[in-house]
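Following: one structure in structure tokens, then a few remarks.
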Amino acid sequence: MMSGLKAFRRSAIAVGLSKALKTPIGPTGATGPTGATGAAGGFGAYGSFYDTSTVTLTQNQVTPVSLNSTDFASGVSIVDGNKITFSVSGKFNLAFSSQIEKGDSGTDYLSVWLTKDGANVPWSNTDVIITSSGTNSRHVVAWNFFVTAVPGSFFQIVMTTTSSGQMTIKSVGTQTSPTRPETPSSIVTVNQVG
């Protein structure tokens, strides 16, 4: 009795498969409408900028960091030689480095901070004490800021010093022994992070 039931089941399965395999397949239906465009992928907006000039820092006056050259950029540009300007919305890592040359001995203060659309960004200032026992000593200031921007927003990195005409953001041409490339006075990179 059991073996007859098994045989019946096998036969029924075989007949079902046979019918399923012989069932004709119809034509492919029409393609549906295209969906909405998704969020941008990839790396987002970015920029790499630098400056080839030497900028004198005037005592107790605000001096924007100059950026006269663009290495490459998308969604970020430099306007008026120092405004880091955005054409897209998002959150960005804005990193910079500047080579400071102190032209006299002694101790001076350098303040570096960020402005957004011409107004100081709260809690963005850093004071650097630069001491030199000789003339023309060089120091690098470098750090980053995380910022939120919308199209048309601009940021500036600005500096001031207590020194009377003895401090510059220094660019240096090609050097020898050994040969090495030019040194920009400032470098700024921008990467979208959100």
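Just a few scattered comments:
- Residues in region 70-91 that are in a strand (DSSP E or B) and polar (S, T, N, Q) were compared, and the one that is most open to solvent (accessible area, probe 1.4 Å) is THR70.
- Options LEU114, LEU110, LEU67, LEU94: the member that is assigned to a loop (DSSP other than H, G, I, E, B) and not polar (S, T, N, Q): LEU67
- Output for region 143-184, where each listed residue is open to solvent by less than 80 Å² (accessible area, probe 1.4 Å), more than 24 Å from VAL76 (Cβ to Cβ) and of a type in the set (Val, Ile, Thr): THR160, THR161, THR162, THR168, VAL172
- One residue from VAL140, VAL112, VAL55, VAL65 being of a type in the set (A, V, I, L, M), open to solvent by 80 Å² or more (accessible area, probe 1.4 Å) and under 18 Å from ILE157 (Cα atoms): VAL140
- Count of region 150-164 residues which are small (Gly, Ala, Ser) and within 11 Å of ASP108 (Cα to Cα): 2
- Just one of the listed residues (VAL140, VAL112) is at pLDDT 95 or above and under 16 Å from TYR50 (Cβ atoms), and it is VAL140.
- Residue list for region 114-160, restricted to those being on the phi > 0 side of the Ramachandran plot and of a type in the set (Asp, Glu): ASP117
- So VAL147, is it part of a strand (DSSP E or B), in contact with a Pro (Cβ under 8 Å, 6 or more places away or on another chain) and either under 14 Å from LEU57 (Cα atoms) or at pLDDT 95 or above (or both): no
- Residues that are open to solvent by 100 Å² or more (accessible area, probe 1.4 Å), farther than 30 Å from GLN192 by Cα and at pLDDT below 80, drawn from region 18-39: LYS19, LEU21, LYS22, PRO24, ILE25
The values are calculated or read from the model by the stated rules, or taken from the named source; none is laboratory data. Fair warning: this is a prediction, and the values are worked out from it, not measured in the lab. Neighbour counts run over all protein chains shown; Cβ positions are idealised from the backbone, glycine included. SASA here: full protein model, heavy atoms, side chains in, ligands and nucleic acids out. Shrake-Rupley method; radii C 1.70, N 1.55, O 1.52, S 1.80 Å.
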